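The values are calculated or read from the model by the stated rules, or taken from the named source; none is laboratory data. Note that the coordinates shown come from a computational prediction; the quantities given were computed from them, not determined experimentally. When we count neighbours, we look across all protein chains shown, and the Cβ atoms used for this are built from the backbone with ideal geometry, even at glycine. Only protein heavy atoms, including side chains, enter the accessible area calculation; ligands, DNA and RNA are left aside. Shrake-Rupley method; radii C 1.70, N 1.55, O 1.52, S 1.80 Å.
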Amino acid sequence: WLQGDPHSAGQEVSNYMGLLVLGSGYFLLSLAYAQLYSIRYILRPSLFTAHMLRTACLWLAIYLGTSLFLKFDPPISRAYAIISFVTASMGLAAWRFILAGMVGASDAAHALRQRLTVVGGSREASQIIGAVQADEQQPYVLTQLAAAGEFNPYNPSTEELSRLISSGATDIILVADLGRGREDILEIASACERSNVEFKLVPDYFQVLISGLHLETISGVPILGVSHLPLDRFVNRMAKRAVDIVGALVGLAISSPIMLLFGLMVYLESPGPIFYKQVRTGRRGKPFKIIKIRSMRLDAEATGGARWAQENDPLRLRVGGFMRRWNIDEVPQFWNVLTGDMSLVGPRPERPELIENFKFNIPNYNARHAAKPGITGWAQVNGLRGDTDLGERVRCDLWYLENWSVWLDFQIMAMTFLSRKNAY
């Protein structure tokens, strides 16, 4: 119709006008539902873009799903929907970066940033301060900055802090030191309420699965506890399991020749079983047998018992070093994923005899067993494999459990092929 009658072309466009309005309405409602019009995103275009892309994917699924269910006439073009997804997402992201640059360079930026007062000298306080100072897109400005731009630990008395609050010199009070006691904290919270200052508290007593904190009531009494995590939801578990099954089948099909080749190399260097089964701890402490291509001598643990692999381990096979560096010894674990003992992504499983010590010596260690263990994980792609800091590994595992999504799993799988730090 581009070469035909202009009237016909106009009629053709008008036929699709209803679908254009419906798609635009869906998109705006999706952004509003995700609270992406909040003022806190104005100075944070990177965060906005990340959340907007997830929302746009949801919009695309709903838009196409509506067309299949209602059978529009004329039908929605899938090509049009995908092109709309790409152009709208790119255009909106570009506009938000431009807007952030314009607003950030103006006097309006000061009004959009809230004045944050961090009270306490704890590790959590230092982390918050460091994050605010390192990220120029943070919508906060610290109130206790020294002349050199450094933040000094701020531990005033309750009376001094009450005077600061009533003076209007801060917008947010964040208490990161519960050593003050219940009465002091209640007094600070009351002072904030009287002056319309936001009061926030670092939940020091809940260092496990912070994002799972859930407020409920029992006979009208408010109760705060760890309850809901993303993988506690049935739909999320089913989505993760579906990805695991498909990924395990594809992984086994692709890796079969690799297992055959390296199994032969292992047997030639050290005659004996090619595969190595070892008891590991799975979800909720349930034991299972993990399968690996053997990378050590047959007598590796004959005298020393359970142990971690070490760099330049004399008991390691020559081909074992190469396999560990490229994670080839882990390939048979696709079978563990298929049988449901493991997932493609999750905390790495440890041996029960090692866990007996870890759960007493490493804070929050057993909390990582809230999900199935994985072939790879957030800790591994960040270089925390083998003989590395267990505390950091646990923090990475807990962060993964709190922030799980299908997209995060795909991101970790992609990063696995690029990260080989400490892989011995």
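Spacing of the modelled spin labels on Ile39 and Ala105, each 7 Å from Cα toward Cβ, amounts to 2.4 nm. Per-residue surface analysis assigns Asp397 an accessible area of about 10 Å², computed on protein heavy atoms at 1.4 Å probe radius. Annotation: amide H-H contacts under 5 Å for Ser343 (H modelled 1.01 Å from N, sequence separation of 5 or more, or interchain): Gly374, Ile375. Each residue of region 230-240 was assigned a 3J(HN,Hα) from its phi angle through the Karplus expression (A = 6.51, B = -1.76, C = 1.60, θ = phi - 60°), giving x, 7, 6, 7, 4, 4, 5, 5, 5, 5, 5 Hz with x at Gly and Pro.
Note on surface exposure: Cys192, Cys57 rank Cys57, Cys192 by accessible area, highest first, 1.4 Å probe. Between Ile82 and Gln127, with labels modelled 7 Å along Cα→Cβ, what's the label distance in nm to one decimal, could you check? Going from the Ile82 label point to the Gln127 one covers 4.1 nm. Between Tyr154 and Gly120, the built amide H atoms are under 5 Å apart, and every one of these is 5 or more places off in sequence or on another chain. Surface analysis of region 338-406 yields an accessible area of 37 Å² per residue, using protein heavy atoms and a 1.4 Å probe. Extending 7 Å from Cα along the Cβ direction at Ala253 and again at Arg194 yields two label points whose distance is 7.0 nm.
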